[in-house]
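The values are calculated or read from the model by the stated rules, or taken from the named source; none is laboratory data. Predicted, not measured: the structure shown is a model, and the values here were computed from it. Neighbour counts run over all protein chains shown; Cβ positions are idealised from the backbone, glycine included.
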């Protein structure tokens, strides 16, 4: 079973919770774990997910490492191993990179859900989300004020006697 984090775009103050699904709030589900395509084709994967800053950082890091290795006179096989390790790091941290991008864009993390696949995780999340946001599931209004609150009698109500009352 896969673990997904769920992210919701920022809403304006005039949006209400019960209208979030009716207005088509676009939730994003990010699967935790190793991402094979991010490992195999890191720059293309970053472009597909519109991760511009991450792509620029990856390219600068790769260029810096290549420049440093050439300056040290290290063999090309070591450079290939370093590039492979950098791609492995991208594959391992792909979920964190996507969450970082979403947080920069104003998305809020609203939960974690477990499912066999994305569809199952979405179904489980939205079943809980709609049950939580239904009007019947909200808290009941407070009870009306008690008749004893405005009473000026000297009787004992509960365990709290009034001052100077006779026992």
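Output the number of the condition that residue 54 fails; it satisfies all remaining conditions of (1) farther than 18 Å from residue 31 by Cβ; (2) modelled with pLDDT of 90 or more.
Against the list (1) farther than 18 Å from residue 31 by Cβ; (2) modelled with pLDDT of 90 or more, residue 54 comes up short only on (1).
Residue 109 - would you say it is loosely packed, with under 15 Cβ neighbours inside 10 Å, under 23 Å from residue 3 (Cα atoms), in contact (Cβ under 8 Å) with a residue 24 or more places away in the chain and under 24 Å from the mean Cα position of the chain (by Cα)?
Yes: the conditions hold for residue 109.
Table: residues versus (1) at pLDDT below 95; (2) within 20 Å of residue 119 (Cβ to Cβ); (3) surrounded by 14 or more Cβ atoms within 10 Å (Cβ to Cβ); (4) within 15 Å of the chain's Cα centre (by Cα).
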| position | (1), (2), (3), (4) |
| --- | --- |
| 9 | yes, no, yes, yes |
| 12 | yes, no, no, no |
| 15 | yes, no, no, no |
| 21 | yes, yes, no, no |
| 26 | yes, yes, no, yes |
| 39 | no, no, yes, no |
| 43 | yes, no, yes, no |
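Restricting to segment 113-127, count the residues that are surrounded by fewer than 15 Cβ atoms within 10 Å (Cβ to Cβ) and out of contact with any helix residue (DSSP H, G or I) (no Cβ under 9 Å at 6 or more places or on another chain).
Residues meeting the conditions: 7.
Residues checked against (1) touching a strand residue (DSSP E or B) at 6+ places or on another chain (Cβ under 7 Å); (2) touching a residue at least 24 places away in the same chain (Cβ under 8 Å):
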residue: 68; (1), (2): no, no
residue: 74; (1), (2): no, no
residue: 79; (1), (2): no, no
residue: 84; (1), (2): no, no
residue: 99; (1), (2): yes, yes
residue: 124; (1), (2): yes, no
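Looking at segment 51-66, which of the residues that are without any contact (Cβ under 8 Å) to a residue 24 or more places away in the chain and within 21 Å of residue 98 (Cα to Cα) is nearest to the chain's Cα centre (by Cα)?
52
Just to check your reading of the model, which residue among 91, 79 is surrounded by 14 or more Cβ atoms within 10 Å (Cβ to Cβ), closer than 16 Å to residue 35 by Cα and either touching a helix residue (DSSP H, G or I) at 6+ places or on another chain (Cβ under 8 Å) or at pLDDT 95 or above (or both)?
Among 91, 79, only 91 is surrounded by 14 or more Cβ atoms within 10 Å (Cβ to Cβ), closer than 16 Å to residue 35 by Cα and either touching a helix residue (DSSP H, G or I) at 6+ places or on another chain (Cβ under 8 Å) or at pLDDT 95 or above (or both).
When you scan segment 63-75, do you find a residue that is surrounded by 10 or more Cβ atoms within 10 Å (Cβ to Cβ), over 17 Å from residue 29 (Cβ atoms) and modelled with pLDDT under 85, even just one?
Scanning segment 63-75, I find at least one residue that is surrounded by 10 or more Cβ atoms within 10 Å (Cβ to Cβ), over 17 Å from residue 29 (Cβ atoms) and modelled with pLDDT under 85, so the answer is yes.
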